Amino acid sequence: MSKPLIGILVGAVLGAFDGLTAWFTPAVRDQLAGIVVSSTFKGIIAGIAIGFFAKKFHSLPLGLLFGLAIGALLAYLTARFAVGGYYFEIMLPGSLVGLIVGFATQKYGRTPVAAHP
Amino acid sequence: MRSLSDQKLDRLRRIATQPDFSGTKYRLIRELGHGGMGTVYLAEDSDLNREVAVKVLNASADEAALSRRMVREAQIIARLEHPGIVPVHDVGVLADGRVFYAMKLIRGERLDKYITNVASLKDRLRKFQAACDAVSFAHAHGVIHRDLKPQNIMIGTFGEVLVVDWGVAKILPPGMTEQDASEAETLRLLPGRHSDEQQRQEHADETTHGTIIGTAKYMSPEQQRGEIDELDQRSDVYSLGAILYFLLTNRAPAAIRPREVDAKVSKAAEAVCLKAMSVSSADRYASAADLGADVARLLNDEPVSAYRENWLEKVWRWLNKNRVLVLIVLAYLLVRIFFLFSPWR
């Protein structure tokens, strides 16, 4: 499986899971559907960015760093628009999701073999 | 009259037996090592202005059979063009009548010395896998080494692995039976010596049934019994298994299992080693390539063919292999649980 595709899949699954954990926060439970959709979308965006980065740079440490940064950035943007300002509660797990996607793309993604003329 | 000391006698003997390189393009620098059949010297190739290793037949070994064996060794190595086998540059006869061959000078150390400085099992296994590749290549070209041991594996300065000392190797031409093969171990290089008489002589020089060749602790049981005709590539597989035993335990192979010597040896690694060292050749890996493939699996934390894991071991191996991922996921779950029960919610 290509690195961007792995990024998209893992990002989407983890994003959805991350969104679903909002169910445990009673204050936002009624917005769960919106949270899950936006979290999944965020995961896919992060997955695409991290996947293409992994395609360009074949380095696990760099992939982890980039995943962490993208995860944190997208989580920050989400937290900024979220009601209640749950910066810490959104950013910390969001960064870790980015880290997981960064790891998965570097470790399990396949780099396409260049075609010879 | 004063008698000479042993030291002086040794020195005189060394000078007397030094090879005469006159008439060749080589200039003797110093002795590198001494074996039963030949001595290896460091020499300079004056044409190409580079240092080479030159193996010269020992002065005392003046028998024609040994000369032919030496040429045969050079021929065997020359036909094995592989990064794991030292290339032969030249073969010939010195002015003093002794046969020699020149080969690439390997700068590095023997495997047994190398591992004293290398603690990492992964690195040892990588080197072992490379040795398996070289031996497998030789087998594919019909050559059985017959004296594989840590002392015959060199690690170059760039980490390259070279299998050396093919002096007792057996040629097994493709498509030939074992019986045919022992007859086929003949020489065809010494100039002008291809008469029927010579060929008969060459056949007579070859190792005969009942002769024991190799190094006891690394020798297969059939080799120890002197069953020369029965030897095939699985005999080398046994020796490779014995080398693996040494790499796993830091000890020469013995009757006890590797895990009894060192409890840190994994069950899978022990199983690979013991399968290669099975008493019956039928129970061993069919080839050095198969053994190398199992070692590659060990290196990649994959299941090996020699050991059947239970589910707990499978899970543990998976967790071990993916420990970074497991740690990140655990961290994520901990963070989630922390926020779930956080007093600040």
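Values as computed for the structure displayed
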quantity	calculated
Candidates A:Ile100, A:Ile44, A:Ile6, A:Ile48 - the one that is more than 10 Å from chain B (Cβ to nearest Cβ), within 21 Å of B:Ile328 (Cβ to Cβ), of a type in the set (A, V, I, L, M, F, W, C) and in contact (Cβ under 8 Å) with a residue 60 or more places away in the chain	A:Ile6
Residue list for the range B:63-98, filter: in a strand (DSSP E or B) and surrounded by fewer than 20 Cβ atoms within 10 Å (Cβ to Cβ)	B:His89, B:Asp90, B:Gly92, B:Val93
Number of the condition not met by B:Ile15 [criteria: (1) outside any helix (DSSP H, G or I); (2) modelled with pLDDT under 85; (3) β-branched (Val, Ile, Thr)]	(1)
Odd one out for A:Phe53, checked against (1) in contact with a helix residue (DSSP H, G or I) (Cβ under 7 Å, 6 or more places away or on another chain); (2) part of a loop (DSSP other than H, G, I, E, B)	(2)
A:Glu89, sole failed condition from (1) within 13 Å of another protein chain (Cβ to nearest Cβ); (2) at pLDDT 90 or above	(2)
Hits in the range A:25-41 - residues which are away from every other protein chain (no Cβ under 13 Å) and of a type in the set (A, V, I, L, M, F, W, C)	A:Leu32, A:Ala33, A:Ile35, A:Val36, A:Val37, A:Phe41
In the range B:218-236, the residues that are among the polar types (S, T, N, Q), buried (at least 21 other Cβ atoms within 10 Å of the Cβ) and part of a helix (DSSP H, G or I)	B:Gln223, B:Gln233, B:Ser235
Listing of helices (runs of 4 or more DSSP H) fully contained in the range B:251-345 that carry 2 or more residues being more than 14 Å from chain A (Cβ to nearest Cβ), buried (at least 17 other Cβ atoms within 10 Å of the Cβ) and of a type outside the set (S, T, N, Q)	B:258-261, B:267-276, B:288-299
Failed criterion for B:Lys55 (all others in (1) in a helix (DSSP H, G or I); (2) farther than 25 Å from B:Asn250 by Cβ hold)	(1)
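Let's see how each residue does on (1) in contact with a helix residue (DSSP H, G or I) (Cβ under 7 Å, 6 or more places away or on another chain); (2) among the aliphatic types (A, V, I, L, M):
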{"residue": "B:Lys25", "(1), (2)": "no, no"}
{"residue": "B:Leu28", "(1), (2)": "no, yes"}
{"residue": "B:Gly35", "(1), (2)": "no, no"}
{"residue": "B:Ser46", "(1), (2)": "no, no"}
{"residue": "B:Leu57", "(1), (2)": "yes, yes"}
{"residue": "B:Glu63", "(1), (2)": "no, no"}
{"residue": "B:Glu73", "(1), (2)": "no, no"}
{"residue": "B:Ile77", "(1), (2)": "no, yes"}
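The values are calculated or read from the model by the stated rules, or taken from the named source; none is laboratory data. All values reported here derive from a predicted model rather than from experimental measurement. Please note: Cβ atoms are built from the backbone with ideal geometry, for glycine as well, and neighbour counts cover all protein chains shown.
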